[in-house]
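Written out below as structure tokens is the structure these notes cover.
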Amino acid sequence: HIVRTVSQAEFDADLGLILEKMDQPSIDGVNTWFVSKAAREAGVKVALSGLGADEIVAGYPSFTDIPKWTRLLGVPAAVPGAGRTARMVLGALGVRKRSPKSLGLLEYGASYPGAYLLRRSVFLPFELDTILDPELVSEGLAGLRPLQAIKASMTPQAVSPIARIAALESLNYMRNQLLRDADWAGMAHSVEIRTPFVDIQLLRDLAPVVPRLGSGRGKRALGVAPQKPIPTTISERRKTGFGVPTGQWLRRQSSSKGSASRAWALEVFARAQ
């Protein structure tokens, strides 16, 4: 059992090396960096990670948020121009400062690709020209076509909402960010991070039951799966998570978690120039 505290002084000392070791700019991976560092200090060279479990047992809030948004916003979003109009009105009312993403809720939240972009993006497409050259943004969005790319990752589309989100999370967040971050952050400390949940045979075995794993059922099923089940004192306790308060440590404090993420994203972007 390892107890390890990360201080702001240690974060400041490691920040330059963290950014140097990133294969590409990322808003995640800092926590994996410090966990890998602690593991290396303890003499661990190979570590098992739970990466990939949330994607197949419906462990993220997106598994409930996205189906709910698409269900509630489908009718109003169908009105021509409703999304952009709502964005302009909410912006005029000053909502952007309190909850920036809420401006795009009606514009993006009615479809699975749009709602997923809304849930996982740090900055929405209509905000990018506030931090990047507008011409560059226009060319980049035309080339990347984010909504079409997200939709393609869900093709062929599953019938179950849970299975759709599982595909979205696995083929976008997990593949493009989490696995990359685990690789560079672990290797930076010569720690090999193995991911037993990212396994094609496991996915094939679980695929028939994935649609029934909503509302915490997947996590509970995972907890009792071993021959010696995980004690309920662990499996039933409230999730605490682990994160590094980069937003606060960068002295751009905000009451919004999203704003802290944005502060970190801007810092990574600025230092990558």
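The values are calculated or read from the model by the stated rules, or taken from the named source; none is laboratory data. Values in this document were obtained by computation on a predicted structure and should not be read as measured data. Cβ sites come from the backbone with ideal geometry, for glycine too, and all protein chains shown count toward neighbours. Ligands, DNA and RNA are stripped out before the accessible areas are found, and what is left, the full protein with its side chains, is counted by its heavy atoms. Shrake-Rupley method; radii C 1.70, N 1.55, O 1.52, S 1.80 Å.
All conditions but one from (1) in contact with a Lys or Arg (Cβ under 8 Å, 6 or more places away or on another chain); (2) modelled with pLDDT of 90 or more apply to Ala158; the one that does not is (2). Checked against (1) buried (at least 18 other Cβ atoms within 10 Å of the Cβ); (2) without any contact (Cβ under 8 Å) to a residue 60 or more places away in the chain; (3) not hydrophobic (A, V, I, L, M, F, W, C), Gly59 passes all but a single condition, namely (2).
Rundown of residues vs (1) without any contact (Cβ under 8 Å) to a residue 12 or more places away in the chain; (2) outside any loop (DSSP other than H, G, I, E, B); (3) more than 30 Å from Arg204 (Cα to Cα); (4) of a type in the set (A, V, I, L, M, F, W, C), yes/no style:
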residue	(1), (2), (3), (4)
Glu107	no, yes, yes, no
Gly114	no, yes, no, no
Ala142	yes, yes, yes, yes
Ala163	no, yes, no, yes
Ala166	no, yes, no, yes
Trp184	no, yes, no, yes
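Which residue out of Gly223, Gly216 is at positive phi and open to solvent by less than 50 Å² (accessible area, probe 1.4 Å)? When all the criteria are applied, what remains is Gly216. For the criterion of being under 14 Å from Arg180 (Cβ atoms), open to solvent by 30 Å² or more (accessible area, probe 1.4 Å), part of a helix (DSSP H, G or I) and modelled with pLDDT of 90 or more, Thr64 fails. The residues on offer are Gly74, Gly50, Gly83, and the sole one that is touching a Ser or Thr at 6+ places or on another chain (Cβ under 9 Å), more than 25 Å from Trp264 (Cβ to Cβ) and either part of a helix (DSSP H, G or I) or touching a residue at least 60 places away in the same chain (Cβ under 8 Å) (or both) is Gly74.
On inspection, Arg204 does not qualify as among the charged types (D, E, K, R), in contact (Cβ under 8 Å) with a residue 24 or more places away in the chain, open to solvent by 30 Å² or more (accessible area, probe 1.4 Å) and in a helix (DSSP H, G or I). Filter region 11-28 down to residues that are part of a loop (DSSP other than H, G, I, E, B) and of a type outside the set (S, T, N, Q) and give me whichever is most open to solvent (accessible area, probe 1.4 Å). Filtering first and then ranking leaves Asp23. If the condition is being among the polar types (S, T, N, Q) and over 29 Å from Ala167 (Cα atoms), then region 228-245 contributes Thr232, Thr233.
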